[in-house]
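Here's the structure, in structure tokens; my notes come after.
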Amino acid sequence: FLYDPRTKQRTMKFATLLIAAAAVTTSAFTPHQPRSQSTSRSFSSRFSLSSSTMPICIVVEAEIKEDRMDEFLDMIEKNAIGSRAEPGCIRFDVLQAEDAPNKFFFYEVYENAEAIAHHKEQPHYLAWGAFKDSGGTVSSVSKKASGKFMT
């Protein structure tokens, strides 16, 4: 076997590629822990919640009068922005139904009942109540739920 520096360089490149391929293959077939046991942070650890204190979710389904849509969209955007800035508000989403453009769903998540009570005292929340009281909605139904499996 004669020593050739060019052959050594090619052999080293090939060996490096082989090692990289082996590492990728090994990690692809290595069993991983289920998501709930993985090292990624869970919902509870992100929000410093104990297992006995799960978040409270509010789901609102609202049908808005068609002639009040512009007013509603302006008000609900301000409500969502204001709500997201509140202490204890984890999430506040406004969703529009695809099959009924004047039907909306609000998905709200709060750390606890105190956060919900605080939310209901805020001007942006009171604006939603005033909008409903003025006849801006055809219907509005709220449901309260406890968080169980959340991200």
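The values are calculated or read from the model by the stated rules, or taken from the named source; none is laboratory data. Quantities reported herein were computed from a predicted structural model and do not represent experimental measurements. When the accessible area is computed, the model is the full protein with side chains, heavy atoms only, and any ligands, DNA or RNA have been set aside. Shrake-Rupley method; radii C 1.70, N 1.55, O 1.52, S 1.80 Å.
Working only within region 120-151, note down all residues that are more than 12 Å from GLU63 (Cα to Cα), open to solvent by 80 Å² or more (accessible area, probe 1.4 Å) and modelled with pLDDT of 95 or more.
Those that are more than 12 Å from GLU63 (Cα to Cα), open to solvent by 80 Å² or more (accessible area, probe 1.4 Å) and modelled with pLDDT of 95 or more: LYS120, GLU121, PRO123, LEU126, ASP133, LYS143, LYS144.
For region 76-104, which residues satisfy the criterion of being hydrophobic (A, V, I, L, M, F, W, C), in a helix (DSSP H, G or I) and open to solvent by 20 Å² or more (accessible area, probe 1.4 Å)?
ILE81
Can you name every residue in region 111-140 that is among the aliphatic types (A, V, I, L, M) and more than 22 Å from the chain's Cα centre (by Cα)?
Within region 111-140, LEU126, ALA127, ALA130, VAL138 qualify.
So SER45 fits all but one of (1) part of a loop (DSSP other than H, G, I, E, B); (2) at pLDDT below 95; what number is the exception?
Condition not satisfied by SER45: (1).
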